[in-house]
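K.L.:
The structure under discussion is supplied below as structure tokens; questions concerning it will follow.
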Amino acid sequence: MRGLRVGVVGAGIGGLSAALSLLAAGFDVHVYEQARALGEAGAGVQVSPNASRVLYGLGLGGELARTAVRPLALHQRRWDDGRTLLRTPLADPLEERFGFPHYQMHRADLQAALAAAIPAERLHLGHRLVAIADDGDRVRPSFAGGAGQELDVLVGADGIHSTVRGLLFGPERPRFTGCVAYRGLIAAERVRDLSIEVTAQVWMGPGGHFVHYYVGSGRLLNFVAVVERDTWGRESWTDRGDAGEARAAYDGWHPQVRGILAAVDETFVWALFDRPPLDRWSSGRVTLLGDACHPMLPFMAQGAAQAIEDGATLAVCLAEGGDPAEALSRYERLRLPRATRVQALSADNKTRFHLPDGADQRARDEAMTAGGTDFSYRAVEWIYEHDATAPRSGH
Ligand SMILES: Cc1cc2nc3c(=O)[nH]c(=O)nc-3n(C[C@H](O)[C@H](O)[C@H](O)COP(=O)(O)OP(=O)(O)OC[C@H]3O[C@@H](n4cnc5c(N)ncnc54)[C@H](O)[C@@H]3O)c2cc1C
């Protein structure tokens, strides 16, 4: 075990995967999570090869393969007639091209796989960080219940509401993106009559888009129905949604979309927030990762993947030795431009995916059909082929 004591605040996908990367590098790592029990939202997550590469490197390949679904393709379709706009092969061709699988997973399965690999005595639940004292040589976190142990480095992986970010750079509210997402899981047998193939499907229409894919070894169909709203009036960011409201928003869409929504008993509605990119993530011996520093619209399915990359690169930078604060600056220089670029692309997709019928939409569709845009290999290779354990700047 190398001497460095590293505290990670937050046991989401970002914090847990960072902790594993840091443990694998030999550091003395402790994770502090405010919740009393781990519980990811009942929803899916796509794990692209840039992220699965890291997770395989951490020895989780077997566990992922056990619970994940390995889709045949990513299929982007027109909202009403279902016409194919772009169909990007996944499975074998993707693995030949990028070396690692693209998986669709239940978020709880991914979180459980990560948490199970962390020694129990290193995972501290019921620890809500409230303050940080950084004297230049040491960092001391304080939790709601009292002071924590002295650390060499503290990592804020505490999500879009990040307390660590607020303590480093001052309070700032995330901004409502004008989109809400109805999310949910449906037992696969309830939609069997729709003969939905094992692909991730993205239906693009005026003012909204609809995504669905299988998770949980194929037993569940995950859906995300994104619609635009002027305001978000509720206090909470996630709320039990009204399935009837979701169905009404997709009136007139393709029968497969309506068929899926017809099978929904329970849905949660999420307001989608983001924040403008930061120009720095670190201060002294404290840094950020994941949604704490680069929350993004989920329209490239990269939020968790970028968080997983962050942890891997952070571990590499700290393992290079030297002054920890300088290592955190190196980490930030390697990661910030890339995450900012993915953030921007995700935001652009709000407009692209939601174009009303008309000339702009036709131009988009023609470009997609010609290839080289969206999730085509050519367009995403800079994302998918990245090796966060061997980072180079400019990628
Ligand atoms: C609809 C939707 C679909 C998505 N689909 C995908 C996808 O397919 N692929 C993908 O890669 N990404 C996807 N994302 C994005 C992804 O979910 C997030 O980017 C990712 O989960 C962020 O992980 P995180 O660990 O940074 O933050 P979080 O998951 O928010 O975890 C933060 C943790 O910190 C804890 N915490 C907070 N404050 C404190 C504190 N003060 N003290 C201690 N603990 C604290 C929280 O309790 C929480 O456990 C999607 C997002 C949405 C909304």
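K.L.:
Out of GLU326, GLU332, report the one residue that is part of a helix (DSSP H, G or I), within 26 Å of PHE169 (Cα to Cα), without any contact (Cβ under 8 Å) to a residue 24 or more places away in the chain and not hydroxyl-bearing (Ser, Thr, Tyr).
P.N.:
Details: GLU332 fails: without any contact (Cβ under 8 Å) to a residue 24 or more places away in the chain.
That would be GLU326, the only listed residue that is part of a helix (DSSP H, G or I), within 26 Å of PHE169 (Cα to Cα), without any contact (Cβ under 8 Å) to a residue 24 or more places away in the chain and not hydroxyl-bearing (Ser, Thr, Tyr).
K.L.:
Just checking, how many residues over region 42-60 are surrounded by fewer than 18 Cβ atoms within 10 Å (Cβ to Cβ), within 15 Å of the ligand (Cβ to nearest atom) and closer than 20 Å to ILE383 by Cα? It would help to see each step written out before you state the result.
P.N.:
Step one: list which residues in region 42-60 are surrounded by fewer than 18 Cβ atoms within 10 Å (Cβ to Cβ), which gives 42, 56-57, 59.
Retained after the next criterion (residues that are within 15 Å of the ligand (Cβ to nearest atom)): 42.
Retained after the next criterion (residues that are closer than 20 Å to ILE383 by Cα): none.
Within region 42-60, residues that are surrounded by fewer than 18 Cβ atoms within 10 Å (Cβ to Cβ), within 15 Å of the ligand (Cβ to nearest atom) and closer than 20 Å to ILE383 by Cα number 0.
K.L.:
Oh, and also: Out of the residues in region 19-41 that are in a loop (DSSP other than H, G, I, E, B) and more than 11 Å from the ligand (Cβ to nearest atom), state the one that is nearest to the chain's Cα centre (by Cα). First the steps, then the outcome.
P.N.:
To start, the set of residues in region 19-41 that are in a loop (DSSP other than H, G, I, E, B) comprises 25-27, 33-41.
Restricting the remaining residues to those that are more than 11 Å from the ligand (Cβ to nearest atom) gives 25-27.
Details: ALA25: 23, GLY26: 26, PHE27: 25 Å.
Looking at the filtered set, the residue picked out is ALA25.
K.L.:
Give the residues of region 84-119 that are open to solvent by less than 20 Å² (accessible area, probe 1.4 Å) and on the phi > 0 side of the Ramachandran plot, sorted by residue number.
P.N.:
Across region 84-119, the qualifying residue is only ALA91.
K.L.:
Looking at LEU74 and the list (1) outside any loop (DSSP other than H, G, I, E, B); (2) of a type outside the set (Phe, Trp, Tyr); (3) open to solvent by 50 Å² or more (accessible area, probe 1.4 Å), which single condition is not satisfied?
P.N.:
Only one criterion in (1) outside any loop (DSSP other than H, G, I, E, B); (2) of a type outside the set (Phe, Trp, Tyr); (3) open to solvent by 50 Å² or more (accessible area, probe 1.4 Å) is unmet by LEU74, namely (3).
K.L.:
Moving on to the next point. More than 16 Å from the ligand (Cβ to nearest atom) and crowded, with 23+ Cβ neighbours inside 10 Å: does that describe LEU318? Step through it out loud before you land on a result.
P.N.:
Working: more than 16 Å from the ligand (Cβ to nearest atom): yes; crowded, with 23+ Cβ neighbours inside 10 Å: yes.
Yes, satisfied.
K.L.:
Within the group THR287, THR267, which residue is over 20 Å from GLU385 (Cα atoms), within 16 Å of the ligand (Cβ to nearest atom) and modelled with pLDDT of 95 or more? Show your work before the answer.
P.N.:
Working: THR267 fails: modelled with pLDDT of 95 or more.
Every option except THR287 fails the conditions.
K.L.:
Another question, if that's okay. Given (1) among the β-branched types (Val, Ile, Thr); (2) under 27 Å from THR177 (Cα atoms); (3) crowded, with 18+ Cβ neighbours inside 10 Å, identify the lone condition not met by THR231.
P.N.:
Checking THR231 against (1) among the β-branched types (Val, Ile, Thr); (2) under 27 Å from THR177 (Cα atoms); (3) crowded, with 18+ Cβ neighbours inside 10 Å, the one that fails is (3).
K.L.:
What pairs can you find where one residue is in region 276-301 and among the basic types (Lys, Arg), the other is in a helix (DSSP H, G or I), and their Cβ atoms are less than 8 Å apart, with a gap of 6+ or different chains?
P.N.:
ARG280/PHE169; ARG280/GLU332; ARG280/LEU336; ARG285/PRO324; ARG285/ALA325; ARG285/LEU328
K.L.:
Here are the criteria: (1) over 22 Å from MET296 (Cα atoms); (2) part of a helix (DSSP H, G or I); (3) open to solvent by less than 30 Å² (accessible area, probe 1.4 Å). Tell me which single one ARG165 does not satisfy.
P.N.:
Here ARG165 meets the rest and fails (1).
K.L.:
Enumerate the strands (runs of 3 or more DSSP E) found wholly within region 215-319, keeping only those where 2 or more residues are touching a strand residue (DSSP E or B) at 6+ places or on another chain (Cβ under 8 Å) and within 27 Å of ASP135 (Cα to Cα).
P.N.:
On the way: elements: 220-228, 238-241, 267-274, 286-288.
Counting at least 2 such residues, we get 286-288.
K.L.:
If only one of ASP92, ASP80 is at pLDDT 95 or above, in a helix (DSSP H, G or I) and not β-branched (Val, Ile, Thr), which one is it?
P.N.:
Numbers: ASP80 fails: in a helix (DSSP H, G or I).
Every option except ASP92 fails the conditions.
K.L.:
Among the residues of region 6-13, are any open to solvent by 20 Å² or more (accessible area, probe 1.4 Å) and more than 7 Å from the ligand (Cβ to nearest atom)? Working first, answer last.
P.N.:
Taking region 6-13 and keeping what is open to solvent by 20 Å² or more (accessible area, probe 1.4 Å), we get 12.
Next, from what is left, pick out any that are more than 7 Å from the ligand (Cβ to nearest atom): none.
The answer is no; no qualifying residue exists.
K.L.:
Residue check, GLY136 against (1) touching a residue at least 24 places away in the same chain (Cβ under 8 Å); (2) in contact with a Pro (Cβ under 9 Å, 6 or more places away or on another chain); (3) in a loop (DSSP other than H, G, I, E, B), all met but one. Which one?
P.N.:
GLY136 satisfies all of (1) touching a residue at least 24 places away in the same chain (Cβ under 8 Å); (2) in contact with a Pro (Cβ under 9 Å, 6 or more places away or on another chain); (3) in a loop (DSSP other than H, G, I, E, B) except (2).
The values are calculated or read from the model by the stated rules, or taken from the named source; none is laboratory data. Only a predicted model underlies this, so the values are computations on that prediction, with no experimental measurement involved. Positions of Cβ are generated from backbone atoms using ideal geometry, with glycine treated the same way; all protein chains shown enter the neighbour counts. We work out accessible area using only protein heavy atoms, side chains counted, and drop any ligands, DNA or RNA first. Shrake-Rupley method; radii C 1.70, N 1.55, O 1.52, S 1.80 Å.
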